[in-house]
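Structure record follows, encoded as structure tokens.
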Amino acid sequence: MSFAMLNLILLFGFLGILIFVIVFIQRLIDSQKVLQQQAVLREQVLQLRLYKMLIYLGVDFKRYISVMPGDTILKHVSNCSACPNITTCDRCLFNGKVISDMDFCPNYQPLISCSRKLAQVS
């Protein structure tokens, strides 16, 4: 084997290792971004009635944050923040009044759908 051929093999080996390291670092950065986004979403949900509604509907909060897409959670946060039915919500979630028609909540149907999706992901 010639010296030039050995150098070429070493060069390709080095490039392969370099590409592997770059991909590994990029994936690490991406996973950190996801964890940071989840932490922000977690705090936003905890500050709203949305958290209590998740519990009320039996949706596992940790799975909700970790499995549901961020834009879906942001939509739920937005719906909850802009909800005009605070009094009805409070009677249901905080005063324990059973309300048969939960459609007063703009997140009710989407959260039921999320609950089903989370059950399928198990």
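Could you tell me what a quarter of the Cα convex hull surface of segment 55-101 works out to, in nm² with one decimal place?
Reported value for the Cα convex hull: 3.8 nm².
Student exercise: in the chain, how many lysine pairs 8 or more apart or on different chains have Cα atoms under 25 Å apart?
10
Given a 1.4 Å probe, how much area per residue of the chain is accessible, in Å²? Present the calculation step by step, with values, prior to reporting the outcome.
Details: 8460 Å² over 122 residues.
That works out to 69 Å² for each residue.
Given a 1.4 angstrom probe, I'd like the percentage of the accessible area of segment 1-47 that is carbon and sulfur, rounded to a whole number.
After summing per-atom areas, the C and S share lands at 75 percent.
Over 10 Å intervals from 0, what percent of Cα-Cα pairs in segment 1-50 sits in each interval?
Final binned percentages: 22, 22, 18, 15, 11, 7, 4, 0.
Hey, got a sec? Which trypsin sites (Lys or Arg not before Pro) in segment 1-109 land in a DSSP loop and have at most 10 other Cβ atoms within 10 Å?
Answer in residue order: 97.
Averaged over every viewing direction, what's the projected area of the C-alpha convex hull for segment 1-87? Give it in nm², one decimal, please.
If you wrap the Cα atoms of segment 1-87 in a convex hull and average its projections, you get 7.8 nm².
Only sites in a loop by DSSP and with at most 13 other Cβ atoms within 10 Å count here; which chymotrypsin sites (Phe, Trp or Tyr not before Pro) in segment 35-122 make the cut?
Passing both the DSSP loop test and the Cβ count: 94.
How many angstrom separate the Cα center of segment 59-116 from the Cα center of segment 2-33?
Their Cα centres are 47 Å away from one another.
The values are calculated or read from the model by the stated rules, or taken from the named source; none is laboratory data. Computed from a predicted model, the values in this text were never measured in an experiment. Reconstructed Cβ throughout: ideal geometry from the backbone, glycine too, with neighbour counts over all protein chains shown. Heads up: the accessible areas ignore ligands, DNA and RNA and are worked out on the full protein's heavy atoms, side chains in. Shrake-Rupley method; radii C 1.70, N 1.55, O 1.52, S 1.80 Å.
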